[in-house]
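These notes concern the structure reproduced below.
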Amino acid sequence: MELSKDKKVIVERGNKVVYDCGDTVVKVFNTHKPAADIFNEALNLARAKQAGIDVPEIVEVGKVDGAWAISTEKVEGKTMRQIGDEDPSVREDLLDQFVQLQLDIHAHRSPLMSRQKDKYSRMINAASEVLGDSIRYELLMRLDGMKNHVKICHGDFVPSNVIVRPDGSLCVCDWAHATQGNGAADCAISYLHFRMRGADEFAENYLNAYCKAQGCTKEYVQNWLSIVAAAELSRGRVVEKDFLLQWVDVVDFE
Ligand SMILES: Nc1ncnc2c1ncn2[C@@H]1O[C@H](COP(=O)(O)OP(=O)(O)OP(=O)(O)O)[C@@H](O)[C@H]1O
Ligand SMILES: [Mg+2]
């Protein structure tokens, strides 16, 4: 795949660069990223689309100078993160829309999407360097006992992954972590994301808004925190390690 000469970098991270190429947005991964991860992300995007969710249209999966890349049609607008950063007074309204959108995604189904429990148990097992055998065993037992659901869960539902078009409609990008499973686990991940960024008050407001709109208790979501924190540890991100370990420790292992 050829990238346009006047491309602009949207974000640059350790393992990828996302470019604005005019009509398309191209996510170029580093050469260590397994091809299966790229195709999995593209497949999740295609499945979310097929399920009826408003997501960017896939244009191409290919290679840019030997590195795998996913090209999607550019969605005009700003992310909820940008809008909230530019004008904090709109954050409350955004929060309601954000929660409604997450619940709307959960109302969709995709029978072929990976199962959340399978994914989290793989991830918890992969965190063996930081979590001892007995803790992993307890967490896996706890995960096994969680209620089974088949809701589409984005898996990284954060304001930077929601694009607000000029007409106000919402488009959700970044489907690398999507599964079908329990919406409360998806909420727990979003909650941890806000806490990790130090937005503690916003995190509580988000949790309250989610539970009110979904009609569940906070405890129902909080039961997932240790599991999702343990699963996230498997990504091996050094900066997040101590933060995530605190959330695993919160569990009362009996
Ligand atoms: N199709 C698109 N149209 C417009 N903007 C996009 C599109 N895809 C991505 N973006 C923008 O690029 C940013 C980064 O893309 P994306 O969220 O897919 O990558 P990422 O956050 O680096 O991935 P990850 O969360 O897996 O680390 C988004 O926050 C959004 O601003
Ligand atoms: Mg993102």
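Please treat every number below as a calculation from the coordinates, not as lab data. Just so it is clear, the structure is predicted and the values come from calculations on it, not from any experiment. All Cβ positions, even for glycine, are placed from backbone atoms using ideal geometry, and neighbour counts span all protein chains on display.
Listed by chain and number, the lysines whose C-alpha is less than 30 Å from the C-alpha of K63, apart from same-chain residues fewer than 8 away, are K5, K7, K8, K16, K27, K33, K49, K74, K78, K119.
So, counting K/R as plus one and D/E as minus one, what does the shell of residues with Cβ under 12 Å around M123 add up to?
Working: positive: K117, K119, R122, R136, R235; negative: D118, E232.
Its environment carries a net charge of +3.
Sorted into 5 angstrom bins from 0, the C-alpha pair distances of the range 104-254 split as 2, 9, 18, 23, 22, 15, 7, 2, 1, 0, 0 percent.
For the chain, the longest principal axis of the Cα atoms and the long axis of helix 91-106 meet at an angle of about 80 degrees.
For the range 77-124, what is the Kirkwood hydrodynamic radius in Å, using each pair of distinct C-alpha atoms?
Numbers: mean 1/r = 0.0751 Å⁻¹.
It is 13.3 Å.
Structural descriptor for the chain: relative contact order 18 percent, calculated from alpha carbon pairs under 8 angstrom and at least 6 residues apart. Taking other C-beta atoms within 10 Å as the exposure proxy, C187, C216 rank C216, C187 from fewest upward.
When you work out D = kT/(6 pi eta Rh) for the range 8-73 at 4 °C and 1.567 mPa s, using the Kirkwood radius from C-alpha pairs as Rh and the Stokes-Einstein form, the result is 106 µm²/s. Under 23 Å Cα to Cα from K212, which lysines show up? Leave out anything in the same chain fewer than 8 places away. Excluding near neighbours in sequence, the set is K147, K151. What residue among L170, Y210, F194 has its Cα farthest toward the positive end of the dipole of the range 146-254, where the charges are +1 on Lys, Arg and -1 on Asp, Glu, each on the Cβ? Selected residue: L170. Here the average projected area of the convex hull drawn through the C-alpha atoms of the chain stands at 13.7 nm².
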